[in-house]
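Enquirer: My questions will all concern the structure given below.
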Amino acid sequence: IISKFPAMGTNIFTVMSSLAAETGAVNLGQGFPDFDCDPKLVDAVTEAMRKGFNQYPPMTGVAPLREAISAKVEALYGRRYDPAAEVTVTAGATQAIITAVLALVKPGDEAIVLEPCYDSYVPNIELAGGTVVRVPLTPGSFRPDFARIAAALTPRTRAIIINSPHNPSGTVWTRDEMLQLQDLLAPTDVFVVSDEVYEHMVFDGQRHQSAASFPGLAARALIVSSFGKTCHVTGWKVGYVAAPAALTAEFRKVHQFNVFTVNTPMQYGLASYMASPRPYLELPAFYQRKRDLFRAGLAQTRFKLLPSEGTYFQCVDISQVSDLQEAEFCQWLTREIGVAAIPLSAFYGSGFDQRVVRFCFAKKDETLRSALDRLAKL
Ligand code: PMP
Ligand code: GLN
């Protein structure tokens, strides 16, 4: 067969999870919790199924969930999105992002990604026929470099994909950084795809800065989030996009033909669950404690800890531990030490080696302790 994408391989999360399963390693690679969600959420979904919410929902998502999303975004970030015209329920953030890219980017357009970036962004732009423009985040700190972003903007730039809190580095953009982006884009027609899936996992009293809170960004932004992260249900694949009506209309033109709708009972279950106790408010403290437990253990090893301001990821520099190239190191660590991690090279184009790997700490304390016991040898 003549491949349309000969260079596209299997994504790193699949590769490392398979290797972890095969070798019996503790899987701190792929980002997902190894603990269950709140049983009340399962009850809410079960009840929705029993009530007969088992057929196609509206293309845009069920009304109670769109209303709950709108209420949450307004309460936290101060901008009201009309649930009817400006909020769309998606099959996770993955489908939200590719749909946004397909809706905006056409052949001849450029789209900017800030590297390292989540592994779907670049293939999404390529699938749309766009030209990928890679702008590095500042080496070491992983903070946005506005001079380099400014230099990458051209009349053909159609979109920029941003991601804070940032996977893999755990960096959280400050208010000042969001303002700088807003100023930079003010004279342009560039759209922003703002991947905010870790919006509720920000530590040490810092606050998530949503593009929704910055009028000049919100007017041009598709804001993406995921209930998989927020409610510990990555396998349910439910997320959303909030965007001004004209942008949402473009988004839905594609959405209706690449997924059409998202499973109905999960939507009703999430709607009732999100409405009452505001479960996401507990997440910063919940994950900060796990981060601190994990960091305290890693501090006993020769890994050099990088900051983790948000997300459920912790990056470490491996230079003092091994001479192996980072992808090989992750294979070795999984097979020989029994802990799976993700090499940062997976978040870059080819030829990159920064000596950094990523661990996921969205795990039971006992899982983290078991991984730390194994890593203590290093
Ligand atoms: N964006 C980022 C930055 C992510 O880390 C993830 C989850 N790995 C996604 C998007 C995809 O989210 P979902 O599982 O809801 O499709
Ligand atoms: N978002 C998760 C991560 O970064 C994994 C998602 C996936 O498996 N595609 O680890």
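Enquirer: Which of (1) assigned to a helix (DSSP H, G or I); (2) buried (at least 16 other Cβ atoms within 10 Å of the Cβ) is the odd one out, the single condition Ala151 does not satisfy?
Expert: Just one mismatch for Ala151, condition (2).
Enquirer: When the residues of the range 109-131 are filtered to those that are in contact (Cβ under 8 Å) with a residue 40 or more places away in the chain and in a strand (DSSP E or B), which remaining residue is nearest to Val357 (Cα to Cα)?
Expert: Looking at residues that are in contact (Cβ under 8 Å) with a residue 40 or more places away in the chain and in a strand (DSSP E or B), I get Glu115.
Enquirer: May I pose another question? Scanning for something within 16 Å of ligand 2 (Cβ to nearest atom), within 22 Å of Thr311 (Cβ to Cβ) and not in a helix (DSSP H, G or I), does the range 83-105 turn up at least one residue?
Expert: yes
Enquirer: In the range 270-287, what residues are within 25 Å of Asp34 (Cβ to Cβ) and either away from ligand 1 (no atom under 16 Å from the Cβ) or not in a helix (DSSP H, G or I) (or both)? Walk me through how you get there before you give the answer.
Expert: Let us first name the residues in the range 270-287 that are within 25 Å of Asp34 (Cβ to Cβ), namely 270, 273-274, 277-287.
Answer for the range 270-287, where residues must be within 25 Å of Asp34 (Cβ to Cβ) and either away from ligand 1 (no atom under 16 Å from the Cβ) or not in a helix (DSSP H, G or I) (or both): Tyr273, Pro277, Arg278, Pro279, Leu281, Glu282, Pro284, Ala285, Phe286.
Enquirer: Can you find a residue that is among the β-branched types (Val, Ile, Thr), in contact with an Asp or Glu (Cβ under 9 Å, 6 or more places away or on another chain) and surrounded by 18 or more Cβ atoms within 10 Å (Cβ to Cβ) anywhere in the range 56-79? Spell out how you get there, then give the answer.
Expert: First, pick out the residues of the range 56-79 that are among the β-branched types (Val, Ile, Thr): 60, 62, 69, 73.
Still in the running and in contact with an Asp or Glu (Cβ under 9 Å, 6 or more places away or on another chain): none.
There is no residue in the range 56-79 that is among the β-branched types (Val, Ile, Thr), in contact with an Asp or Glu (Cβ under 9 Å, 6 or more places away or on another chain) and surrounded by 18 or more Cβ atoms within 10 Å (Cβ to Cβ).
Enquirer: Next question. Collect the residues in the range 329-357 that are at pLDDT 95 or above, assigned to a helix (DSSP H, G or I) and surrounded by fewer than 22 Cβ atoms within 10 Å (Cβ to Cβ), keeping them in residue-number order.
Expert: Listed by number, the residues that qualify are Phe329, Gln331, Trp332, Arg335, Glu336, Ile337.
Enquirer: Sticking with this one: Here is a check on your reading of the model: is Leu247 touching an Asp or Glu at 6+ places or on another chain (Cβ under 7 Å), assigned to a helix (DSSP H, G or I) and over 23 Å from Val42 (Cβ atoms)? Break it down stepwise before answering.
Expert: On the way: touching an Asp or Glu at 6+ places or on another chain (Cβ under 7 Å): no; assigned to a helix (DSSP H, G or I): yes; over 23 Å from Val42 (Cβ atoms): yes.
The answer is no for Leu247.
Enquirer: A follow-up question, please. Considering only the range 74-108, state which residues are without any contact (Cβ under 8 Å) to a residue 40 or more places away in the chain and under 18 Å from Glu199 (Cβ atoms).
Expert: Matches in the range 74-108: Glu74, Ala75, Arg80.
Enquirer: If I filter the range 136-148 for residues that are more than 21 Å from the chain's Cα centre (by Cα), hydroxyl-bearing (Ser, Thr, Tyr), more than 16 Å from ligand 2 (Cβ to nearest atom) and surrounded by fewer than 22 Cβ atoms within 10 Å (Cβ to Cβ), do I get at least one hit? Please lay out each step first, then the result.
Expert: Here is the first cut: in the range 136-148, the residues more than 21 Å from the chain's Cα centre (by Cα) are 146-148.
Restricting the remaining residues to those that are hydroxyl-bearing (Ser, Thr, Tyr) gives none.
Scanning the range 136-148 turns up no residue that is more than 21 Å from the chain's Cα centre (by Cα), hydroxyl-bearing (Ser, Thr, Tyr), more than 16 Å from ligand 2 (Cβ to nearest atom) and surrounded by fewer than 22 Cβ atoms within 10 Å (Cβ to Cβ).
Enquirer: Now a separate question. Out of Glu86, Glu47, which single residue is in contact with a Lys or Arg (Cβ under 9 Å, 6 or more places away or on another chain), of a type in the set (Asp, Glu) and surrounded by 14 or more Cβ atoms within 10 Å (Cβ to Cβ)?
Expert: On the way: Glu47 fails: in contact with a Lys or Arg (Cβ under 9 Å, 6 or more places away or on another chain).
Just a single option satisfies the conditions, and that option is Glu86.
Enquirer: Would you say Arg358 is within 22 Å of Ser18 (Cβ to Cβ) and more than 16 Å from ligand 1 (Cβ to nearest atom)?
Expert: Numbers: within 22 Å of Ser18 (Cβ to Cβ): yes; more than 16 Å from ligand 1 (Cβ to nearest atom): no.
Criteria not met by Arg358.
Enquirer: So, Gly52, is that one more than 18 Å from Gly228 (Cβ to Cβ) and either away from ligand 2 (no atom under 16 Å from the Cβ) or not in a helix (DSSP H, G or I) (or both) or not? Please lay out each step first, then the result.
Expert: Values: more than 18 Å from Gly228 (Cβ to Cβ): yes; either away from ligand 2 (no atom under 16 Å from the Cβ) or not in a helix (DSSP H, G or I) (or both): yes.
In short, yes.
Enquirer: For the subset of the range 156-186 comprising residues that are out of contact with any strand residue (DSSP E or B) (no Cβ under 9 Å at 6 or more places or on another chain) and either polar (S, T, N, Q) or more than 23 Å from Arg207 (Cα to Cα) (or both), which member is surrounded by the fewest Cβ atoms within 10 Å (Cβ to Cβ)?
Expert: Within the range 156-186, the match that is surrounded by the fewest Cβ atoms within 10 Å (Cβ to Cβ) is Ala186.
Enquirer: Which count do you get for residues in the range 187-205 that are crowded, with 24+ Cβ neighbours inside 10 Å and of a type in the set (Asp, Glu)?
Expert: Residues in the range 187-205 being crowded, with 24+ Cβ neighbours inside 10 Å and of a type in the set (Asp, Glu): 3 in total.
Enquirer: Now for a separate question. For the range 1-41, which positions are of a type outside the set (S, T, N, Q) and without any contact (Cβ under 8 Å) to a residue 24 or more places away in the chain? Can you show your working first?
Expert: Residues of the range 1-41 of a type outside the set (S, T, N, Q): 1-2, 4-9, 12-13, 15-16, 19-22, 24-26, 28-29, 31-41.
Within the range 1-41, Ile1, Ile2, Lys4, Pro6, Ala7, Gly9, Val15, Ala21, Glu22, Pro39 qualify.
Enquirer: Any residue in the range 207-228 that is buried (at least 21 other Cβ atoms within 10 Å of the Cβ), assigned to a helix (DSSP H, G or I) and within 16 Å of ligand 2 (Cβ to nearest atom)?
Expert: Among the residues of the range 207-228, at least one is buried (at least 21 other Cβ atoms within 10 Å of the Cβ), assigned to a helix (DSSP H, G or I) and within 16 Å of ligand 2 (Cβ to nearest atom), which makes the answer yes.
Enquirer: Now for a separate question. Need the failing condition index for Asn258 against (1) closer than 18 Å to Pro39 by Cα; (2) surrounded by fewer than 21 Cβ atoms within 10 Å (Cβ to Cβ); (3) modelled with pLDDT under 95; (4) within 21 Å of the chain's Cα centre (by Cα), just the number.
Expert: Failed condition: (1).
The values are calculated or read from the model by the stated rules, or taken from the named source; none is laboratory data. Keep in mind that what you see is a predicted model, and the values were worked out from it rather than measured. Virtual Cβ from ideal backbone geometry, glycine too; neighbours counted across all protein chains shown.
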